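The values are calculated or read from the model by the stated rules, or taken from the named source; none is laboratory data. From a predicted model like this one, the values you see are computed outputs, not experimental measurements. Positions of Cβ are generated from backbone atoms using ideal geometry, with glycine treated the same way; all protein chains shown enter the neighbour counts. For accessibility, only protein heavy atoms count, side chains too; no ligands or nucleic acids. Shrake-Rupley method; radii C 1.70, N 1.55, O 1.52, S 1.80 Å.
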Amino acid sequence: MNYKEICDLINTVSESKLTSFEIEIDGIHLKMGKEEKVLVEENNSKLISHNISANNKKENSFKKEVALEREVQVETEKELKQQDDKNIDIVKSPIVGTFYAAPSPDKDDFVNIGSVVKKGETLCIIEAMKLMNDIEAEVDGEIVDILVKNEDMVEYGQPLFKIRKR
C-alpha cells in the first residue's frame, strides 16, 4: 500500500458516515476513528462543546448525561416558576371598560414595570359607561409586568398587572 492509497483511504473514511475503521494489508495495520463535536445548550444561553468518540458506550453515556442535565434543568425551572408564582399577585379587571395607565393624556403613568406599590395605591383607571374607576393594588410589592396597553379594551377578569409581593 503506497502513500497515495493510504491518503485516498483516509479521505474516503472521513467523508463516510463510518465512525471507526480498521484494516490490515501486506503487514500494514491501519486503524482510524472519528470524533464529532456536539454543541450542547445549557441554561438557554451558554454553548459548550463536547467531543464524542466513535465508541458507542461513551456516546450513549453522553446522551444519557445530556438528557439527565436537561431533565434536571426543566425541573429546576418548574420549581423556580412555582415559587415565583406564589409570590406573584395578578391584578384582574373587576369590570369591562377602557384601560387608562395615567390620570390624563398629559400626565405620567400611575405605575411602570419596576415601580414599588403599596396596598391601596392606584394602578390604573378603567372607564365604564363614562365613569372612571380607580383600580388599586391589593398587596404591597413591585410591578413586574403590565399586561395591557393604554386605551385597550379590557374584559371582566382579564389580568392587568403582575405584582411581586413583598
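Just add up the charged neighbours of residue 94: K/R +1, D/E -1, any other residue whose Cβ is under 14 Å from the Cβ of residue 94.
On the way: positive: 92; negative: 127, 134, 136, 138, 155.
Charge balance near residue 94 sits at -4.
Exposure check, 1.4 Å probe, all protein chains in place: residue 107 carries approximately 120 Å² of accessible surface.
Near residue 137: Cβ cut-off under 10 Å, other residues only, Lys/Arg at +1 and Asp/Glu at -1. The net charge is -3.
Take segment 92-135 with all the other protein chains still there, run a 1.4 Å probe, and you get 63 Å² of accessible area per residue.
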